[in-house]
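Remarks on the structure that follows.
Every number in this text was worked out from the coordinates using simple rules, so none of it is lab data. A quick note: this is a predicted structure, and the numbers were derived from the prediction, not measured. Heads up, the Cβs are rebuilt from the backbone with ideal geometry, glycines too, and the neighbour counts pull from every protein chain shown.
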Amino acid sequence: MQHQPALGIVYLCAGVLVFSVQDAIIKQVSGAYPLTQAVFIRSCVAAPLLLALVQWQSGWRALWGSGLWPLTLRALIMLGAYTAYYMAFPALPLADAVALYFTVPLFVTALAGPVLGERVGWKVWAAVMLGFAGVMVMLQPGRGLVDPAALLSLLAALLYGLSMLMARRYASTLSAAVMASYQNGVFLVGAGLGALAFHALGLEQASHPSLQFLVRPWVTVGLGDGLMIASCGVVAAVGIVLLTSAYRVAWASTVTPFEYTGILWAPLWGYLFFAEVPRATTVAGAAVIVVAGLLALRVGRSSA
């Protein structure tokens with residue numbers, strides 16, 4: 001597929017902005033509703049929008065074409081990524097959760113070799129290590145301040161990076177709408193089955209807020225909250241296509257630095273909606289992660 005860097009950058013920046021709004025909404029409802037219910041509602045709203053996009057781009061037959069199992073595998077990886085990411089929200093300030101998640105470009109760089117066959121030299125690995133030093137600054141492990149939710153953000157970054165590289169790998173044969181539809185379908189089924197499994201096992205209470213957000217039983221949704229959660233379906237449909245398109249039309253090493261534009265939005269929404277002021281270690285660690293990620297991607301481009 002032709003490399004279109006400007007278009008890829010526009011897609012990615014827009015997708016990051018759109019999804020930052022969804023992050024704020026999910027954090028807002030995380031204290032009263034279960035994650036599975038929020039994802040289920042979101043996916044129900046997104047489904048017809050994505051199917052309409054599939055019909056417009058390539059026709060519904062594309063859903064049953066080649067690549068069924070790779071698409072399903074990628075969607076399952078994305079389900080794991082977003083579940084881990086959202087589970088971090090009730091336990092961490094929004095800026096902390098998002099800043100840790102922005103190790104994504106470091107994981108993309110590290111995985112580019114085994115997944116895409118791109119050469120990754122020692123300079124790139126040195127930059128990756130610098131990025132994880134920034135993670136340590138944020139986590140302050142020696143002072144006993146590591147919350148398990150922080151590890152959830154890092155797990156989400158790893159899984160998301162892998163899924164985006166898979167999107168680039170299958171870009172020549174699959175449209176963004178098709179990949180997004182499979183992802184949304186797996187989210188819908190996964191959220192429903194997860195809720196049923198937790199109920200059958202009697203898992204309805206947990207001491208940690210992240211686990212409580214996951215296993216909490218479904219409840220009646222008020223009109224205002226219902227509309228807010230449903231709006232995530234529109235956000236998801238638009239955001240999924242934007243981000244997937246970014247990695248389809250441009251090289252991963254070109255567009256991934258612009259993932260960092262999300263760092264502009266998370267502290268803003270955290271302050272405006274949750275009265276959260278980022279800690280000094282959050283700012284310092286996030287700055288190190290950004291510098292390391294940009295260095296890794298720059299070195300990767302120069303050595304390609």
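Structural remarks
- Counting charges near Gly285 (Lys, Arg +1; Asp, Glu -1) among other residues having Cβ under 12 Å from its Cβ returns a value of 0.
- Across Gly134, Gly270, Gly161, mean-square fluctuation computed from a Gaussian network of the chain (C-alpha pairs under 10 Å connected) peaks at Gly270.
- Charge tally in the Cβ shell below 15 Å around Ser20, where Lys, Arg are +1 and Asp, Glu are -1, Ser20 excluded: -3
- Taking a sphere under 13 Å around the Cβ of Val98 and counting the other residues whose Cβ falls inside, with K and R at +1 and D and E at -1, yields a net charge of -3.
- Helices in the chain, meaning DSSP H runs of at least 4 residues, each add -39500 (n - 2.57). Divided by all residues, the mean residue ellipticity at 222 nm is -25500 deg cm²/dmol.
- Where the Cα pairs of the range 5-303 fall when distances are cut into 10 Å bins, in %: 7, 28, 36, 23, 6, 0
- Candidates Ala91, Gly80, Met129 compared by Cα position along the dipole of the chain: farthest toward the positive end lies Met129, with charges placed on Cβ.
- Selection among Pro48, Leu35, Pro267 by position relative to the dipole of the chain gives Pro48 as farthest towards the positive end (Cβ unit charges, Cα centre).
- Based on C-alpha pairs under 8 angstrom that are at least 6 apart in sequence, the chain has a relative contact order of 42 percent.
- Fewest-first sequence of Phe198, Phe132 by Cβ atoms within 10 Å of each Cβ: Phe132, Phe198
- Charge dipole magnitude, Cβ of K and R +1, D and E -1 - the chain, Cα centre, debye nearest 20: 700 debye
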